[in-house]
Amino acid sequence: MNAPVEAGPVGRFGSGHAVRRVEDPALVRGEGRFTDDQVLPGQCWLAFRRSERAHARIVAIDTAAAAATPGVVAVYTGADLVAAGVKPMQLAIPFKRPDGQPASAPPRRALAHEFVRFVGEPVVAVVAESRAAARAAADAVLIDYEDLPAVADALHALAPDAPQVWDGAPGNVVAEARHGDVAAAEAAFARAAHRITLTLVNQRLAPSPMEPRSVSAWRDGERLVVRLSSQMPTAVRNTLADLIPGLTQERVRVLVGDVGGGFGMKTGAYPEDIVLGWAALATGMPVKWQAERLEDFVAAVHGRDQVSRAELALDADGRALALRVRTVAGVGAEPSNTSVMIPLLIGPWVSTSIYDIPTVDLHLRAVLSNSAPTGAYRGAGRPEAIYIVERLMDAAAREMKLDPAELRRRNMIRPEQMPYRNAMAQTYDSGRFEQILDQGLALADWGGFAARRAESAARGRLRGRGIATFLEWTGGNALEENVAVAVTADGFVELTLATMPMGQGIATSYVQLAHDVFGVPLERIRVLTGDTDRANGFGSAGSRSLFTAGAAVRVAAEKTVDEGRRLAADALEAPAADIEYRAGRYTVAGTDLAVGLFELAGRQPGARLVASGGAKAGGPSWPNGCHVAEVEIDPDTGEVEVVAYASVNDIGRIVSPVIVRGQIEGGAVQGIGQALGERVVYDADSAQLLSASFMDYALPRVDGFRGFRTAFDESIPCQTNALGAKGVGELGTIGATPAVVNAVIDALDHAGLGRDAERVQMPLTAETVWRALRRDFGPAIEV
């Protein structure tokens, strides 16, 4: 059995060693290059007038007072943009509605036209010489609305008498998907010795990066230049070129500096980005918009928002026979392709997780409501699917009076089954799930829990233990990446690529990989990103950056060294086969004849040695882990504290130990946030957003848990990429939520609630737990 490898002390070497993050010095010195830091000569500001109504027809818009406000340069309405030929963002997905018609959703326009469908939708844009003038003018716009009935959530939107969000989607169903074998699942349930049924809520969440959205746009000759905070610059460029008349991709340049967190919220273009681009072209002036936190709460994409009825069939020995799930996924009022693909396809790919479940029957519906669109949020469909199967496993163990770890062990895919094709036709290339389980149980001291529970009880606390053994899918949204390398005469190696740093430390990993090849000091390696004139690609999402671009860094670096060897052979008048390279120096074998890498670069045209290379993965990666949480509950208040959290993670080869520890533990904090506190809430009657600030939206706090024990097993490399690495950015989030919820339910069960404890729904706030202890679970939820 391979022992887990814990992150080691800070070192100063290449991949596999812990080094200090190369991104941090500039940031802690206040030298970050965020979009809002940029001030352009003659810059104007843009402000939006947003809809205060959840659903209404726009009768008239009077912009006269706004246009007369001192300092105002221009005022735009949705009608203006339609007349100018600005196109809406349209749904294009391979799913159909229940009636067999193609998927249908309202077009998402840069500014609302004729109708508004959620509170916060941009209706009017004002460009002014100052931010204060733009805001004042936006407030001066008079909008006459005819209110229409609104529906605040997806479940109520399915009621026969529910208001219709969009006439093109009768019954408010945008699209549906069915996966698996209905008849085989029905037969499995018929012969099952145990049938577990749960109704589960994955509540709507607000991603909440530290930096809200920010956009600047200006003309550069005949080109449009847009600078913004984004994970996917190329996608933004392409959208602007497609939707704004007169543009082509070659006429649009997108720049991204430092990004203060993304978490999926900053993937792709937003309506506001299109407005900024249009306004810059129309006025000929630089235009800037900096979102307030309120604007991101009401108009940036939200995550999760799924309600599921989930069933698991097991035989008498506890082996799973079939999984059946019925899910209603809220996609908001004007969903994107991502809004629909996440619940209808990406989540289902991991629905059976690390378990050998032969049959599935999945029916998923994407449903409109008068709320902000949903989209990618850390994990994007995988947290919801893993939460379902992990809750079912715990409930089955409770019914069968089995140790929850033992039931999981009985159902795990075995190493000899690899490569393994799951019921969703996804192929796992590698995994030793029982090995990871054993290490996780040891790290968490699983066998010593009874004593810790007794100690908590002596202090008047309820203690519970939860486990999640799981996998996730990463990198498969785009499997290819390219990197350009330039060695400069002034002593630097520059890597240019299209993936984006956004706080996750990916530049550190790239530098370490380049160091492996070049052998030059880390401070002599630069990572250049965020310029579509220099590099284009998918960007950073789905935990793909190291998985794809990391491999490309190595390939491009090796090509650069090889090109340098050829040039060194000419310079040293020796056969290329005799040229050796080590730590920035080419030497003729067996002699003292040598030339430095940077000296050689200085002899080239432009005083630069350049090369490029790419890598393409053979398929996605399947990182996995065993996460164990312990909680204490104050029975008088319902307050929950995470008092222990241990995890062992298989992410293949580790390049940067410090980075992966931060990703696992930071992700776990976000998963704990969903389990215990976070929830976007709309008023049921008016569809007004009630959780529109951090006074009402409860992010996790440092006093809610006592730290982590985190370990890794590198003995199971990924088989689909040259590095052997598996994605890590979302793994912690995916495991933490079910582990913590299972721990709370275990504590409630032990307190006397029994199977009723399984009725609680996230977030498990103090009030929710306090009420559960008194058997108040609120109204039943029907899916």
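The values are calculated or read from the model by the stated rules, or taken from the named source; none is laboratory data. These numbers come from a predicted model, not from an experiment. Glycine gets a Cβ as well: all are built from the backbone with ideal geometry, and neighbour counts include every protein chain shown. Accessible surface is based on the protein model in full, side chains and every heavy atom, while ligands, DNA and RNA are left aside. Shrake-Rupley method; radii C 1.70, N 1.55, O 1.52, S 1.80 Å.
Placing unit charges on C-beta atoms (Lys and Arg positive, Asp and Glu negative, everything else neutral), compute the dipole magnitude of the chain about its Cα centre in debye, rounded to 20.
560 debye
With a Förster radius of 60 Å, plug the Cβ-Cβ distance of residue 40 and residue 782 into 1/(1 + (r/R0)^6) and report the FRET value to the nearest 0.05.
That pair, residue 40 with residue 782, gives E of 0.65.
Stretched out fully, how many nm does the piece from residue 459 to residue 403 gain, at 0.36 nm a residue minus the Cα gap?
17.6 nm
How large is ³J(HN,Hα) for each residue in the range 323-335, as worked out from phi by the Karplus curve 6.51 cos²θ - 1.76 cosθ + 1.60 (θ = phi - 60°), to whole Hz, x for Gly and Pro?
Working through the residues one at a time gives 10, 10, 9, 10, 10, 10, 10, x, 10, x, 8, 9, x Hz.
From the phi angles alone, apply the Karplus equation (6.51, -1.76, 1.60; θ = phi - 60°) to the range 174-179 and give each ³J(HN,Hα) in whole Hz, x where the residue is Gly or Pro.
Each residue of the range 174-179 in turn: 6, 6, 9, 9, 10, 10 Hz.
Label-point separation (nm) for residue 641 and residue 604, each offset 7 Å from Cα along Cα-to-Cβ?
5.9 nm
With charges set only on the Cβ (+1 for Lys and Arg, -1 for Asp and Glu), what does the dipole of the range 562-679 come to about its Cα centre, in debye to the nearest 20?
860 debye
Could you rank the peptides 586-596, 509-519 by their average count of other C-beta atoms within 10 Å per residue, with the highest value first?
In descending order of packing, they fall as 509-519, 586-596.
Using a cut-off of 11 Å between beta-carbons, work out the net charge of the residues near residue 107 (Lys and Arg +1, Asp and Glu -1, residue 107 not included).
Spelling it out: positives minus negatives among the neighbours equals +2.
Please sort 54-66, 274-286, 325-337 by packing, taking for each peptide the average over its residues of neighbouring beta carbons within 10 angstrom, highest first.
325-337, 274-286, 54-66
Just to confirm a number: summing +1 for Lys and Arg and -1 for Asp and Glu over residues other than residue 144 whose beta-carbon lies under 14 angstrom from that of residue 144, what do you get?
That sum, taken over residues with Cβ under 14 Å, equals -2.
May I ask you to list the residues of the range 245-287 whose amide nitrogen lies under 17 Å from a point 7 Å from Cα along the Cα→beta-carbon direction of residue 210?
Counting backbone N atoms under 17 Å from the label point, the list is 257-266.
Taking all protein chains in place and a 1.4 Å probe, what share, in percent, of the accessible surface of the range 1-144 do carbon and sulfur account for?
Within the range 1-144, the accessible surface is 53 percent carbon and sulfur.
For residue 129 and residue 685, calculate 0.36 nm times their separation in residues minus their Cα-Cα distance, and state this gained length in nm to one decimal.
Stretched fully, the residue 129-residue 685 segment lengthens by 196.2 nm.
Accessible area per residue, 1.4 Å probe, Å², for the chain: what's the number?
Here the residues of the chain average 37 Å² of exposed surface.
What is the sum of charges, Lys and Arg at +1 and Asp and Glu at -1, for the other residues whose Cβ falls under 15 Å from the Cβ of residue 620?
Spelling it out: positives minus negatives among the neighbours equals -1.
Once neighbouring chains are kept in place and the probe is 1.4 Å, which whole percent of the accessible area of the range 638-731 is contributed by carbon and sulfur?
Its accessible area is 52 percent carbon and sulfur atoms.
Return the FRET efficiency for the residue pair residue 317, residue 159: r is the Cβ-Cβ distance, R0 is 45 Å, and the value is rounded to the nearest 0.05.
The calculated FRET efficiency here is 0.60.
Near the amide H of residue 115, under 5 Å away, which other amide H atoms are found, from residues 5 or more places off or on another chain, if H is placed in the peptide plane?
Sorted by chain and number, the residues that satisfy this are 58.
Sorted by accessible area (1.4 Å probe), largest first, how do 462, 364 line up?
Sorted descending by solvent-accessible area, the residues read 462, 364.
Take residue 197 and residue 144, extend 7 Å from each Cα along the Cα→Cβ direction, and tell me the distance between the two endpoints in nm.
Modelled inter-label distance: 5.4 nm.
Name the residue farthest towards the positive end of the dipole of the range 146-302 from the options 152, 286, 196, assuming +1 on Cβ of Lys and Arg, -1 on Cβ of Asp and Glu, about the Cα centre.
286
Select one label from (1) 1.34; (2) 0.99; (3) 1.22: the one whose number is Rg/Rh (Cα atoms, Kirkwood Rh) as derived from the coordinates shown.
From the options (1) 1.34; (2) 0.99; (3) 1.22, the structure gives (2).
Once neighbouring chains are kept in place and the probe is 1.4 Å, which whole percent of the accessible area of the range 281-379 is contributed by carbon and sulfur?
Exposed carbon and sulfur together represent 51 percent of the surface.
What order, most packed first, do the peptides 608-621, 658-671, 81-94 have when packing is the mean number of other Cβ atoms within 10 Å of each residue?
Result, highest mean first: 658-671, 608-621, 81-94.
Answer with one residue from 504, 555, 263: the one whose Cα lies farthest towards the positive end of the charge dipole of the chain, charges on Cβ with Lys, Arg +1 and Asp, Glu -1.
My answer, from the dipole projection, is 555.
Describe numerically, in nm with one decimal, the distance between label points set 7 Å from Cα along Cα→Cβ at residue 562 and at residue 82.
5.7 nm
Take the Cβ-Cβ distance between residue 594 and residue 494 as r, set R0 to 35 Å, and report the resulting FRET efficiency rounded to the nearest 0.05.
Computed FRET efficiency for residue 594 and residue 494 comes out at 0.90.
What list of ³J(HN,Hα) couplings, whole Hz, do you get for the range 222-236 from phi and the Karplus terms 6.51, -1.76, 1.60, once you set θ to phi - 60° and write x for glycine and proline?
3J(HN,Hα) across the range 222-236, in whole Hz: 8, 9, 9, 10, 10, 10, 7, 9, 8, 8, 9, x, 5, 4, 5.
What is the dipole size for the range 121-201, taken about its Cα centre, with +1 at each Lys and Arg Cβ and -1 at each Asp and Glu Cβ, in debye to the nearest 20?
560 debye
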